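Undergrad: Below you will find the structure I want to go over with you.
The values are calculated or read from the model by the stated rules, or taken from the named source; none is laboratory data. Please read all numbers here as calculations on a predicted model, not as lab measurements. Here the Cβ positions follow ideal geometry from the backbone for every residue, glycine too, while neighbour counts run over all protein chains shown.
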Amino acid sequence: MNEQKEQKSKKQKRVKYKPRSPRYPCISLREAVKNAKALYEKEGKAFVAKVIAVKTWGYNRLHGRSLTILATMAQYGLVHYQSGNVGISDDAFVIIEAPPNSLERKLALKKCAQSPIIFDELYQSYPEGLPSDDALIWTLKQRGFTDEVAQTTVGCLRDTDMFVRKEVKEYTDGNEVKEEIGEQIEEQKELSTTKQISLRKPYKADFALSFTLFSGKNATLTISGGTPSRADIEFIKNLLGIYEDNLPTEEEKE
């Protein structure tokens, strides 16, 4: 009797249900547009086998990650299928080929940004503007997302929102986007100063990365609160991108 109970218990453990999060984009629209452009430059508007498509994004075969990227491209509406093959969509073609200041490109970007169902639902839930990351993550967890997936989704949403806002504003009011970037840089400078002061006190970093820059300068990235998530790294990359866009070129320095 006891053996039967043990076998039944083991069987129940084996078939224990593992919750899965709803569909979500695993990359931002910024990265998805880069992928669409790479596919277009290699294959044009032709429909090709999925394994050929993912090769343009650095994958040699179809597996979990490459299929997830492909699914995300479809969620944004940048690719579509025909007889099992995949090709870029009309919206992707407009984003890639239309003049930067054209109304068609702006509309296509906004449409693709809101195409993922979860993004559209979040935008509709917060018509006055997206709340904090914590609030968004909590909203997603209430909808069945795991904590890790919720963080990834919010990171992709933030970068997508930043990407579209910047693209649209650059072509409608260049001064406005420059002012916005300048404000964000000043905020980050203040934040950096605060961090430097706090590091002078007895402090044990949860995560620290030291490296040498191309110019020979030494740099240290310190993050408190534990190891950063993929969403955190994506956010840091975006901030560095803002700094890079605002730095003078070599010609401007001269």
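Undergrad: I'd like to know if segment 92-108 contains one or more residues that are touching a strand residue (DSSP E or B) at 6+ places or on another chain (Cβ under 9 Å) and either at pLDDT 95 or above or under 21 Å from Asp159 (Cβ atoms) (or both). Give the derivation first.
TA: Of segment 92-108, the ones touching a strand residue (DSSP E or B) at 6+ places or on another chain (Cβ under 9 Å) are 92, 96.
Among the residues that remain, those that are also either at pLDDT 95 or above or under 21 Å from Asp159 (Cβ atoms) (or both) are: 92, 96.
Yes, because at least one residue in segment 92-108 is touching a strand residue (DSSP E or B) at 6+ places or on another chain (Cβ under 9 Å) and either at pLDDT 95 or above or under 21 Å from Asp159 (Cβ atoms) (or both).
Undergrad: Could I ask something else about it? Considering segment 153-173 alone, what residues qualify as being farther than 16 Å from Leu130 by Cα and either modelled with pLDDT of 95 or more or of a type in the set (A, V, I, L, M) (or both)?
TA: Val168 - this is the single residue of segment 153-173 that is farther than 16 Å from Leu130 by Cα and either modelled with pLDDT of 95 or more or of a type in the set (A, V, I, L, M) (or both).
Undergrad: If you don't mind, another one. Do we find that Leu78 is under 20 Å from the mean Cα position of the chain (by Cα), surrounded by 20 or more Cβ atoms within 10 Å (Cβ to Cβ) and closer than 28 Å to Ala53 by Cβ in this structure?
TA: Spelling it out, Leu78 is indeed under 20 Å from the mean Cα position of the chain (by Cα), surrounded by 20 or more Cβ atoms within 10 Å (Cβ to Cβ) and closer than 28 Å to Ala53 by Cβ.
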